[in-house]
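Comments concern the structure below.
The values are calculated or read from the model by the stated rules, or taken from the named source; none is laboratory data. Just so you know, these numbers come straight off a predicted model, no measurement behind them. Here the Cβ positions follow ideal geometry from the backbone for every residue, glycine too, while neighbour counts run over all protein chains shown.
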Amino acid sequence: MRAAGVVAAGHPATAEAAAVILEAGGNAFDAVIAGQFAACVAEPVLCSLGGGGFLLARKGGGPVEALDFFVQTPLRKRSPEEIEFLPIVADFGDAQQEFHIGLGSVATPGMVAGLFAAHRRYASLPMRVLLEPAVRFAREGVRVNALQAYAFRIVEAIYAHTEESRQVYASPTRPGSLVVEGDLLRQTRLADSLERLAAEGESWFYRGEFANLVVDLCRRDGGLLGLDDLRRYRAEVREPVALEYRGNRIWINPPPSSGGLLLGFALMLLESLEPPRGAFGSAGHLERLAQVMALTDRARLEVQPGGDAPVDAGRLLDPALLARYLNEVAGRSPAMRGTTHLSVMDAEGNVASLTASNGEGCGVLIPDTGIMLNNMLGEQDLNPRGFFRWREDQRLTSMMAPTLLSRRDGSEIALGSGGSNRIRTAILQVLVNLLDFGMPLEPAVEASRIHLEEGRLSVEAGFDPDIDLRVLLAEYPDHRIWAQRSLFFGGVHGVGYGPDGFCGAGDPRRGGVVRTARSA
């Protein structure tokens with residue numbers, strides 16, 4: 001049997017759905033669609049039919065395209081007093097973060113439109129076939145693994161917000177609790193909804209019965225979406241940003257998403273500097289990474305002062321701006337959200353890299369559908385100007401950054417990450433590990449990371465304890481040394497193809513799984 005392709009995903013069920021489709025003769029795009037529908041069943045805290053995302057796609061040796069199906073702000077606002085908008089605190093153990101939920105936090109979802117658009121543009125099998133694994137997982141149940149159980153603990157206040165949600169996600173073995181590790185999570189109403197999509201297409205979601213349920217609930221209980229919001233939504237095909245890094249070609253997510261451009265800016269800074277001093281994890285390596293992360297943060301504020309408007313690619317990647325920040329690096333003494341990702345390659349050279357998110361979920365299931373909509377209007381990361389100040393009928397900006405890499409030796413890698421503002425720094429470090437330190441894909445993904453944001457440095461466990469970090473920690477006195485590996489530092493799932501065939505890496509921080517599909 002020959003390899004039909006490879007899948008890297010955040011859950012065994014997600015990987016299985018994609019691999020089964022490859023083995024049935026589907027291409028990488030069939031597989032990524034089937035896998036993403038399954039992820040909405042198996043990874044409900046991280047993604048949903050009510051969320052959105054981005055896909056980087058390349059058919060064979062053709063051009064790379066970016067499909068934007070992230071969420072859209074509503075057409076109309078209501079006064080804050082009229083909407084349901086409630087604060088909750090997510091407890092990560094070593095850190096806490098406040099989010100807002102309720103129907104007033106919901107933006108127009110793009111997930112369903114995006115997957116159907118990808119199907120029309122790239123796929124080869126009927127949509128009903130691609131939905132079959134997700135329907136089966138929803139109806140028969142998916143075993144809750146350690147990562148999903150942890151995710152439910154972090155955001156328990158959201159998934160216990162309403163009686164219907166508490167019932168759907170209740171533990172069958174521990175009364176009064178949400179599902180725990182080892183529980184079988186069955187979602188029969190979600191299975192029914194997936195079957196409706198298979199039978200009626202996306203019109204059921206955006207113009208039919210589901211749309212009417214959403215609008216009626218929003219009108220009655222303090223939401224913002226109307227029928228026009230759903231009917232007007234469209235997935236958009238865009239040209240990705242392409243750049244060179246040390247002789248390797250990289251394609252990243254374009255505006256209005258900002259995560260890809262910020263990753264590109266950081267790579268351009270590093271490209272203009274000598275390769276990192278010392279080995280991986282050395283003081284010189286970590287000090288250089290922290291400098292670049294800090295300057296990228298500052299550049300973002302300079303070109304995107306409001307925070308919610310699209311980043312201007314021409315301005316952020318302007319050589320003059322880059323040169324100014326490079327002078328700062330050279331002049332300094334040596335010195336720092338619910339998302340999932342799915343990568344697929346097939347034997348025909350097709351490549352798909354998809355990142356998706358539901359925020360944390362708004363806490364409200366649309367009645368009798370098993371579908372929870374997003375809470376993107378309640379995420380501070382996406383609303384830096386303040387809540388209720390978003391512009392109507394605009395794509396929200398996002399840190400999601402699916403990425404494709406074509407190396408000088410002809411090998412290729414598709415990767416991406418979950419992790420809110422940590423997405424771009426997680427992908428940056430994996431690319432540096434691959435291209436500057438020559439690591440294979442799996443160790444490049446599993447290696448320890450740092451993250452620097454707004455002057456606060458986080459250092460993951462796992463670096464050599466003998467490394468002298470005094471200069472780095474003195475440079476960033478607001479720092480935290482984490483006691484263990486954590487999903488806080490993202491979850492990079494990647495696949496590759498080269499002289500030795502397919503390879504893959506699933507990030508253990510976020511339950512990563514790799515499946516190689518075989519065909520006769």
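Here is how the numbers come out for the structure above:
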read-out	value
Of residues in the stretch 428-460 being modelled with pLDDT of 95 or more and of a type in the set (S, T, N, Q), the one farthest from Tyr245 (Cα to Cα)	Ser448
Hits in the stretch 395-413 (condition: out of contact with any Phe, Trp or Tyr (no Cβ under 9 Å at 6 or more places or on another chain) and either aliphatic (A, V, I, L, M) or under 25 Å from Gln36 (Cβ atoms) (or both))	Met399
Test result for Asp68, under 24 Å from Asn375 (Cα atoms) and modelled with pLDDT under 95	no
Members of the stretch 464-475 that are out of contact with any Leu (no Cβ under 6 Å at 6 or more places or on another chain) and either under 12 Å from Gln429 (Cβ atoms) or in a helix (DSSP H, G or I) (or both)	Arg470, Val471, Leu473, Ala474, Glu475
Among residues of the stretch 162-192, those that are within 24 Å of the chain's Cα centre (by Cα) and either more than 27 Å from Gly512 (Cα to Cα) or assigned to a loop (DSSP other than H, G, I, E, B) (or both), counted	5
Test: residue in the stretch 255-269 that is more than 23 Å from Phe54 (Cβ to Cβ) and surrounded by 15 or more Cβ atoms within 10 Å (Cβ to Cβ)	yes
Restricting the stretch 476-506 to residues that are within 17 Å of Pro402 (Cα to Cα) and not in a strand (DSSP E or B), the residue that is modelled with the highest pLDDT	Gly506
Among the candidates Ile21, Ile83, residue that is surrounded by fewer than 22 Cβ atoms within 10 Å (Cβ to Cβ) and touching a helix residue (DSSP H, G or I) at 6+ places or on another chain (Cβ under 8 Å)	Ile83
Hits in the stretch 119-138 - residues which are more than 14 Å from Gly35 (Cβ to Cβ) and either polar (S, T, N, Q) or not in a helix (DSSP H, G or I) (or both)	Ser124, Pro126
Test: residue in the stretch 402-425 that is part of a helix (DSSP H, G or I), within 17 Å of Gly490 (Cβ to Cβ) and aliphatic (A, V, I, L, M)	yes
Odd one out for Phe54, checked against (1) of a type in the set (Phe, Trp, Tyr); (2) touching a strand residue (DSSP E or B) at 6+ places or on another chain (Cβ under 6 Å); (3) closer than 16 Å to Phe137 by Cα	(3)
Qualifying residue in the stretch 197-215 (condition: among the β-branched types (Val, Ile, Thr), under 23 Å from the mean Cα position of the chain (by Cα) and either at pLDDT 95 or above or part of a helix (DSSP H, G or I) (or both))	no
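Condition check ((1) of a type in the set (D, E, K, R); (2) on the phi > 0 side of the Ramachandran plot; (3) in a loop (DSSP other than H, G, I, E, B)) across all residues:
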{"site": "Asp30", "(1), (2), (3)": "yes, no, no"}
{"site": "Ala34", "(1), (2), (3)": "no, no, no"}
{"site": "Phe37", "(1), (2), (3)": "no, no, no"}
{"site": "Val41", "(1), (2), (3)": "no, no, no"}
{"site": "Leu46", "(1), (2), (3)": "no, no, yes"}
{"site": "Phe54", "(1), (2), (3)": "no, no, no"}
{"site": "Gly60", "(1), (2), (3)": "no, yes, yes"}
{"site": "Asp68", "(1), (2), (3)": "yes, no, no"}
